[in-house]
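Inspection log for the structure reproduced underneath, given as structure tokens.
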């Protein structure tokens, strides 16, 4: 599961870079809330660990 979160966080990060967004605090929100409806059930702390 961690590999999937890692991939999601980095794919979301890539999208934000591509869109020219300010990434402060946006990476995890984008990966968790803007990616797939099923990701919202995963606690923010899991995404934070995957982001490190």
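No lab work stands behind these numbers, since they all come straight from the coordinates. Owing to the predicted nature of the structure, the values given are computational and were not obtained by experimental measurement. Here Cβ is always computed from backbone atoms with ideal geometry, including for glycine, and neighbour counts include all displayed protein chains.
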* Asked: Quick one: helix 2-19 against the long Cα principal axis of the chain, what's the angle to the nearest 10°, folded into 0 to 90?
  -> 20 degrees
* Given the chain reduced to its alpha-carbon atoms as identical point scatterers, what log10 I(q)/I(0) does the Debye formula return at q = 0.19 Å⁻¹? -> -0.53
* Treat each spin label as a single point 7 Å out from the Cα along the C-beta direction, and report the residue 15 to residue 33 distance in nm. => 1.4 nm
* Structure fact -> A correct fewest-to-most ranking of 27, 42, 17 by other Cβ atoms within 10 Å would be 17, 42, 27
* To do: Just order 3-10, 29-36 by mean Cβ neighbour count inside 10 Å, highest at the front, would you?
  => 29-36, 3-10
